[in-house]
Amino acid sequence: MSLGPILVFDSGVGGLSVVAALRHRLPEAALAYACDNAMLPYGVREDGWLVRRILAVCEAAVAASGCVTLVVACNTASTLALDALRSRLSVPVVGTVPAIKPAAALSRSGHIGLLATSATVARPYTLRLIETFAAHCRVTRVAADALVREAERWLAGETPDAEVVRQALAPLWEDPALDTVVLGCTHFPLLRDVLAAAAPREIAWVDSSEAIARRTAQVAAGVASHRGPGESFATARDPRLADGLAHFGFAPPQPLRVL
Ligand code: DGL
(Lines give C-alpha, C1' and ligand atoms only; values in the text may rest on other atoms or scores of the structure.)
Protein backbone atom coordinates (compact mmCIF):
# COMPACT_ATOMS: atom_id res chain seq x y z
CA MET A 1 0.00 0.00 0.00
CA SER A 2 1.32 3.46 -0.85
CA LEU A 3 1.68 5.83 2.10
CA GLY A 4 0.81 9.50 2.06
CA PRO A 5 -0.30 12.34 4.29
CA ILE A 6 -3.80 13.47 5.18
CA LEU A 7 -4.40 16.66 3.18
CA VAL A 8 -6.34 19.48 4.85
CA PHE A 9 -7.90 22.02 2.49
CA ASP A 10 -9.47 25.44 3.09
CA SER A 11 -9.75 28.76 1.28
CA GLY A 12 -7.23 30.20 3.74
CA VAL A 13 -5.88 29.57 7.24
CA GLY A 14 -9.23 28.43 8.71
CA GLY A 15 -8.38 24.76 8.16
CA LEU A 16 -5.62 25.14 10.73
CA SER A 17 -8.30 25.03 13.45
CA VAL A 18 -9.07 21.52 12.16
CA VAL A 19 -5.35 20.68 11.96
CA ALA A 20 -5.11 21.32 15.71
CA ALA A 21 -7.82 18.69 16.39
CA LEU A 22 -6.26 16.24 13.90
CA ARG A 23 -2.84 16.54 15.51
CA HIS A 24 -4.41 15.88 18.89
CA ARG A 25 -6.31 12.77 17.74
CA LEU A 26 -3.74 11.45 15.24
CA PRO A 27 -0.36 12.59 16.61
CA GLU A 28 1.52 10.04 14.47
CA ALA A 29 -0.10 11.00 11.16
CA ALA A 30 1.65 13.06 8.50
CA LEU A 31 -0.46 16.06 7.47
CA ALA A 32 -0.26 18.36 4.46
CA TYR A 33 -2.10 21.66 4.00
CA ALA A 34 -3.48 23.42 0.94
CA CYS A 35 -5.26 26.76 0.69
CA ASP A 36 -6.79 28.73 -2.13
CA ASN A 37 -5.71 32.10 -0.76
CA ALA A 38 -5.76 33.60 -4.27
CA MET A 39 -9.57 33.38 -4.17
CA LEU A 40 -10.24 34.04 -0.47
CA PRO A 41 -12.91 34.64 0.76
CA TYR A 42 -15.07 31.86 -0.64
CA GLY A 43 -18.14 32.87 1.37
CA VAL A 44 -19.21 35.70 -0.94
CA ARG A 45 -18.70 33.89 -4.27
CA GLU A 46 -21.22 32.50 -6.69
CA ASP A 47 -22.04 28.78 -6.31
CA GLY A 48 -21.39 27.55 -9.88
CA TRP A 49 -18.02 29.25 -10.07
CA LEU A 50 -17.13 28.01 -6.59
CA VAL A 51 -17.85 24.34 -7.35
CA ARG A 52 -15.59 24.46 -10.44
CA ARG A 53 -12.85 26.23 -8.51
CA ILE A 54 -12.99 23.88 -5.51
CA LEU A 55 -12.81 20.82 -7.79
CA ALA A 56 -9.83 22.23 -9.68
CA VAL A 57 -7.91 23.27 -6.56
CA CYS A 58 -8.58 20.03 -4.68
CA GLU A 59 -7.64 17.93 -7.70
CA ALA A 60 -4.34 19.82 -8.04
CA ALA A 61 -3.63 19.65 -4.30
CA VAL A 62 -4.42 15.93 -4.01
CA ALA A 63 -2.02 15.23 -6.91
CA ALA A 64 0.72 17.52 -5.56
CA SER A 65 0.57 16.11 -2.02
CA GLY A 66 0.09 12.40 -2.85
CA CYS A 67 -2.42 12.32 0.02
CA VAL A 68 -4.43 9.27 1.10
CA THR A 69 -7.42 11.26 2.41
CA LEU A 70 -8.71 14.77 1.81
CA VAL A 71 -10.25 16.76 4.67
CA VAL A 72 -12.26 19.68 3.32
CA ALA A 73 -11.83 21.92 6.35
CA CYS A 74 -14.19 24.55 5.01
CA ASN A 75 -17.93 24.75 5.66
CA THR A 76 -18.49 26.98 2.63
CA ALA A 77 -16.91 24.39 0.33
CA SER A 78 -18.37 21.32 2.05
CA THR A 79 -22.00 22.49 2.13
CA LEU A 80 -21.75 22.99 -1.64
CA ALA A 81 -19.27 20.63 -3.24
CA LEU A 82 -18.87 17.44 -1.20
CA ASP A 83 -20.78 15.20 -3.61
CA ALA A 84 -18.92 16.62 -6.62
CA LEU A 85 -15.57 16.14 -4.87
CA ARG A 86 -16.40 12.57 -3.94
CA SER A 87 -17.32 11.65 -7.48
CA ARG A 88 -14.24 13.39 -8.96
CA LEU A 89 -11.48 12.26 -6.55
CA SER A 90 -10.14 8.79 -5.94
CA VAL A 91 -9.28 9.39 -2.25
CA PRO A 92 -11.84 9.45 0.59
CA VAL A 93 -13.17 12.94 1.33
CA VAL A 94 -14.14 14.10 4.83
CA GLY A 95 -16.25 17.26 4.94
CA THR A 96 -16.94 19.96 7.51
CA VAL A 97 -20.47 21.15 8.16
CA PRO A 98 -21.83 23.42 10.91
CA ALA A 99 -22.16 21.71 14.31
CA ILE A 100 -25.91 22.34 14.57
CA LYS A 101 -26.69 18.97 16.15
CA PRO A 102 -24.36 19.21 19.21
CA ALA A 103 -25.25 22.88 19.69
CA ALA A 104 -28.98 22.13 19.72
CA ALA A 105 -28.37 19.36 22.26
CA LEU A 106 -26.24 21.64 24.44
CA SER A 107 -28.42 24.75 24.55
CA ARG A 108 -30.46 25.14 27.73
CA SER A 109 -32.63 27.95 26.44
CA GLY A 110 -33.29 26.45 23.00
CA HIS A 111 -32.01 29.56 21.23
CA ILE A 112 -28.75 29.04 19.34
CA GLY A 113 -26.77 31.18 16.93
CA LEU A 114 -25.05 30.13 13.71
CA LEU A 115 -22.06 32.30 12.86
CA ALA A 116 -20.78 31.48 9.37
CA THR A 117 -20.14 32.92 5.91
CA SER A 118 -22.97 34.45 3.82
CA ALA A 119 -22.90 31.35 1.63
CA THR A 120 -23.08 28.83 4.50
CA VAL A 121 -25.92 30.51 6.42
CA ALA A 122 -28.12 30.46 3.30
CA ARG A 123 -27.29 27.02 1.86
CA PRO A 124 -30.05 24.38 1.49
CA TYR A 125 -27.60 21.95 3.17
CA THR A 126 -27.50 24.17 6.26
CA LEU A 127 -31.27 24.66 6.31
CA ARG A 128 -31.69 20.88 6.19
CA LEU A 129 -29.31 20.46 9.13
CA ILE A 130 -31.38 22.95 11.11
CA GLU A 131 -34.66 21.25 10.18
CA THR A 132 -33.29 17.81 11.05
CA PHE A 133 -31.40 18.52 14.26
CA ALA A 134 -32.68 21.81 15.64
CA ALA A 135 -36.37 21.83 14.82
CA HIS A 136 -37.09 22.37 18.52
CA CYS A 137 -34.75 25.39 18.68
CA ARG A 138 -34.81 28.96 17.55
CA VAL A 139 -31.77 29.45 15.30
CA THR A 140 -30.40 32.93 14.58
CA ARG A 141 -28.24 32.78 11.46
CA VAL A 142 -25.57 35.48 11.23
CA ALA A 143 -23.36 36.02 8.17
CA ALA A 144 -19.98 37.21 9.42
CA ASP A 145 -17.71 37.31 6.35
CA ALA A 146 -15.67 40.14 7.86
CA LEU A 147 -14.38 37.77 10.54
CA VAL A 148 -12.65 35.63 7.90
CA ARG A 149 -10.21 38.47 7.18
CA GLU A 150 -9.81 39.15 10.90
CA ALA A 151 -8.81 35.50 11.46
CA GLU A 152 -6.32 35.71 8.59
CA ARG A 153 -4.84 38.86 10.14
CA TRP A 154 -4.76 37.29 13.62
CA LEU A 155 -2.74 34.35 12.33
CA ALA A 156 -0.36 36.75 10.61
CA GLY A 157 0.35 38.28 14.03
CA GLU A 158 -1.93 41.33 13.76
CA THR A 159 -4.54 42.37 16.31
CA PRO A 160 -8.14 41.86 15.14
CA ASP A 161 -10.13 45.04 14.72
CA ALA A 162 -12.38 45.25 17.82
CA GLU A 163 -15.04 47.29 16.01
CA VAL A 164 -15.30 44.77 13.14
CA VAL A 165 -15.68 41.96 15.68
CA ARG A 166 -18.29 43.91 17.66
CA GLN A 167 -20.39 44.63 14.58
CA ALA A 168 -20.15 41.07 13.28
CA LEU A 169 -21.41 39.61 16.57
CA ALA A 170 -24.05 42.25 17.37
CA PRO A 171 -27.08 40.40 15.83
CA LEU A 172 -26.40 37.47 18.18
CA TRP A 173 -27.04 39.53 21.29
CA GLU A 174 -30.52 40.82 20.47
CA ASP A 175 -32.18 38.05 22.50
CA PRO A 176 -30.60 37.56 25.95
CA ALA A 177 -31.75 33.91 25.92
CA LEU A 178 -29.33 32.88 23.15
CA ASP A 179 -26.75 30.77 25.00
CA THR A 180 -24.89 28.72 22.35
CA VAL A 181 -23.13 29.75 19.13
CA VAL A 182 -22.08 27.41 16.32
CA LEU A 183 -18.78 28.51 14.78
CA GLY A 184 -19.81 27.42 11.28
CA CYS A 185 -16.70 28.67 9.52
CA THR A 186 -13.34 27.05 10.28
CA HIS A 187 -11.68 30.46 10.51
CA PHE A 188 -13.72 31.38 13.58
CA PRO A 189 -12.34 28.93 16.18
CA LEU A 190 -8.96 30.63 15.61
CA LEU A 191 -10.61 33.76 17.08
CA ARG A 192 -12.42 31.95 19.89
CA ASP A 193 -10.78 33.96 22.71
CA VAL A 194 -11.39 37.23 20.87
CA LEU A 195 -15.05 36.32 20.30
CA ALA A 196 -15.55 35.21 23.90
CA ALA A 197 -14.02 38.47 25.15
CA ALA A 198 -16.40 40.47 22.91
CA ALA A 199 -19.52 38.60 24.10
CA PRO A 200 -21.74 40.32 26.69
CA ARG A 201 -22.21 37.08 28.64
CA GLU A 202 -20.99 33.50 28.95
CA ILE A 203 -21.65 31.62 25.70
CA ALA A 204 -21.00 28.00 24.67
CA TRP A 205 -19.03 28.15 21.39
CA VAL A 206 -19.36 24.93 19.40
CA ASP A 207 -17.35 23.89 16.34
CA SER A 208 -16.93 20.72 14.28
CA SER A 209 -13.19 20.13 14.54
CA GLU A 210 -13.29 17.24 17.07
CA ALA A 211 -15.97 15.46 15.05
CA ILE A 212 -13.94 15.87 11.85
CA ALA A 213 -10.83 14.49 13.51
CA ARG A 214 -12.83 11.48 14.77
CA ARG A 215 -14.27 10.84 11.31
CA THR A 216 -10.86 11.23 9.67
CA ALA A 217 -9.36 8.67 12.05
CA GLN A 218 -12.06 6.21 10.89
CA VAL A 219 -11.59 6.67 7.14
CA ALA A 220 -7.87 7.40 6.71
CA ALA A 221 -5.90 4.30 5.78
CA GLY A 222 -2.26 4.12 4.64
CA VAL A 223 -1.30 7.36 6.36
CA ALA A 224 2.44 8.08 6.43
CA SER A 225 4.05 8.80 9.81
CA HIS A 226 4.65 12.31 10.94
CA ARG A 227 8.33 13.17 10.33
CA GLY A 228 9.31 16.82 10.35
CA PRO A 229 7.23 19.65 8.91
CA GLY A 230 4.39 18.71 6.56
CA GLU A 231 4.20 20.09 3.03
CA SER A 232 1.94 23.03 2.38
CA PHE A 233 0.55 24.54 -0.82
CA ALA A 234 -1.01 27.91 -1.64
CA THR A 235 -2.45 29.41 -4.81
CA ALA A 236 -1.02 32.89 -4.14
CA ARG A 237 2.29 34.09 -2.74
CA ASP A 238 1.83 35.68 0.68
CA PRO A 239 4.91 36.11 2.84
CA ARG A 240 2.71 36.31 5.97
CA LEU A 241 1.39 32.80 5.49
CA ALA A 242 4.63 30.95 6.29
CA ASP A 243 4.69 31.94 9.98
CA GLY A 244 1.11 30.86 10.65
CA LEU A 245 1.70 27.54 8.86
CA ALA A 246 4.98 26.98 10.72
CA HIS A 247 3.13 27.43 14.00
CA PHE A 248 0.98 24.41 13.05
CA GLY A 249 3.94 22.29 11.90
CA PHE A 250 4.05 23.02 8.16
CA ALA A 251 6.91 23.99 5.87
CA PRO A 252 6.57 27.27 3.90
CA PRO A 253 3.95 26.99 1.16
CA GLN A 254 4.83 25.78 -2.32
CA PRO A 255 2.96 27.38 -5.22
CA LEU A 256 -0.05 25.31 -6.27
CA ARG A 257 -0.80 25.50 -9.99
CA VAL A 258 -4.47 25.18 -10.74
CA LEU A 259 -5.61 24.37 -14.28
N1 DGL B 1 -13.06 28.76 6.30
C2 DGL B 1 -14.15 28.72 5.42
C3 DGL B 1 -15.39 28.08 6.01
O4 DGL B 1 -15.31 27.24 6.87
C5 DGL B 1 -14.52 29.88 4.55
C6 DGL B 1 -13.92 31.21 4.62
C7 DGL B 1 -14.12 31.97 3.31
O8 DGL B 1 -13.24 31.81 2.45
O9 DGL B 1 -15.13 32.67 3.15
O10 DGL B 1 -16.49 28.35 5.60
inquiry  = Which pairs turn up if I take residues in the range 24-51 that are of a type in the set (Phe, Trp, Tyr) and look for partners that are more than 16 Å from the ligand (Cβ to nearest atom) and open to solvent by 70 Å² or more (accessible area, probe 1.4 Å) with beta carbon separation below 9 Å, at least 6 apart in sequence or on another chain?
reply    = Tyr33/Glu231
request  = May I ask you to list pairs of residues, at least six apart or on different chains, whose Cβ atoms are under 8 Å apart, with the first in the range 119-145 being within 16 Å of the ligand (Cβ to nearest atom) and the second being part of a loop (DSSP other than H, G, I, E, B) and open to solvent by 20 Å² or more (accessible area, probe 1.4 Å)?
outcome  = Ala119/Arg45; Tyr125/Val97; Thr126/Val97; Leu129/Val97; Asp145/Pro41
ask   = Would you say Ala197 is open to solvent by 40 Å² or more (accessible area, probe 1.4 Å) and without any contact (Cβ under 8 Å) to a residue 12 or more places away in the chain?
value = yes
key: Residues located in the range 72-104, provided they are in contact with a Phe, Trp or Tyr (Cβ under 8 Å, 6 or more places away or on another chain) and away from the ligand (no atom under 12 Å from the Cβ)   = Ile100, Lys101, Ala104
query = Which one is farthest from Pro98 (Cα to Cα), of the residues in the range 147-163 that are more than 10 Å from the ligand (Cβ to nearest atom) and open to solvent by less than 50 Å² (accessible area, probe 1.4 Å)?
reply = Ala156
Residue ID - farthest from Ser209 (Cα to Cα), chosen from residues in the range 165-185 that are within 15 Å of the ligand (Cβ to nearest atom) and either open to solvent by 40 Å² or more (accessible area, probe 1.4 Å) or not in a strand (DSSP E or B) (or both) = Ala168
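The values are calculated or read from the model by the stated rules, or taken from the named source; none is laboratory data. Here the structure is a predicted model, which means the values were calculated and not measured. Cβ sites come from the backbone with ideal geometry, for glycine too, and all protein chains shown count toward neighbours. Heads up: the accessible areas ignore ligands, DNA and RNA and are worked out on the full protein's heavy atoms, side chains in. Shrake-Rupley method; radii C 1.70, N 1.55, O 1.52, S 1.80 Å.
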